[in-house]
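The values are calculated or read from the model by the stated rules, or taken from the named source; none is laboratory data. Note that the structure is a prediction, hence the values are computed from the model and not measured. Cβ: placed from backbone, ideal geometry, glycine included. Neighbour counts: every protein chain shown.
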Amino acid sequence: MMVFLSFFFKTLLISALILLREGYLYPDFKEFVGKSSMLNALLSFLIFWLGLNLLIRFSQFIYRKRKKQGRKYSDNVIIGLKNIYYMLTVMALVAMFFGFFGLHIKELFTALSIVAAAIAIISKELVLDVICGINFSFSRDIAIGDYVQIGDQQGRVVDLNIHKIVLFENDRLINIPNSKAYFSDIANYSQGDMHVCRFQLEIPSRYGVPRDDRKEIIAASARLCPGGERIVDIEVRIEQLRADLQSYSVELRFQDAVKYFSVPRIRSMIFEAVMAPKAEKQ
């Protein structure tokens, strides 16, 4: 219901601004706007921006309905439409700025062409990032939530915008410019026979290997388990840290189905490896 009210309100506002600028509501206002280049540019920007916003939002709404997606879900098409919206908004803002000085359409396009050429020469990497970003947005090669490797960096895609791709790995964010990603080798493990195994591991703080070494021991032990040679990546996070107990979240990502892959067995083997020094002390 709120979505339809938003569409209705924006449509009503756009209609009111057009009628106001053309003098249908107040005949004298059209003459006043004609004398003020700043007001004319501002009204034109508002009409364009609201119309663009309405068009993009409506397109996203229809697409989500067809795909049966929730409002918070964003795939590459939604992100691509959003990137186009941001790009056109910036262009409209630049046009409004030049419109403040009373430039006509022909002069405005000439000025924008000069500005675009200057930006392309001064910051060609930025322009290339934008072009590659739009290409990624509508591509099926990579999407938010995928676990990928781009060049020598790997992680889960958490953001895909007009400038960069953001990966999350080992509690840190990795920013990769779109142009660099576009010309790098990309391996998308989520689109193949990629499997993810997650489990919790609780270890008494007083026993086993030192705390600082536990994450490394957990990762190394996982690769020694049956099917460990197929593991692509291991992520170990500390979920809870108490005086008597440490709780770890372990996530294993591996390719192809492993015949003898058993989560209880792997968890047991990792636990024994971490607790091994306890047995040695006894």
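Tabulated values for the structure
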| read-out | value |
| --- | --- |
| Any strands (runs of 3 or more DSSP E) falling wholly within the stretch 105-222 and containing at least 2 residues that are closer than 30 Å to Tyr248 by Cβ and modelled with pLDDT under 80 | 194-204 |
| All positions within the stretch 1-56 that are closer than 20 Å to Tyr86 by Cβ and basic (Lys, Arg) | Lys10 |
| Residues of the stretch 121-179 classified as surrounded by fewer than 16 Cβ atoms within 10 Å (Cβ to Cβ) and among the polar types (S, T, N, Q), total | 5 |
| Test: residue in the stretch 246-253 that is outside the structural domain of Asn83 (by TED's automatic domain parsing), modelled with pLDDT under 75 and under 26 Å from Gln149 (Cβ atoms) | yes |
| Tabulated pairs, the stretch 16-39, first assigned to a loop (DSSP other than H, G, I, E, B), second of a type in the set (D, E, K, R), C-beta under 9 angstrom, 6+ apart or interchain | Glu22/Lys30; Gly23/Lys30; Gly23/Glu31; Tyr24/Lys30 |
| Test: Phe58 is assigned to a helix (DSSP H, G or I) and surrounded by fewer than 16 Cβ atoms within 10 Å (Cβ to Cβ) | yes |
| Some residue of the stretch 149-157 being in contact with a helix residue (DSSP H, G or I) (Cβ under 7 Å, 6 or more places away or on another chain) and touching a residue at least 12 places away in the same chain (Cβ under 8 Å) | yes |
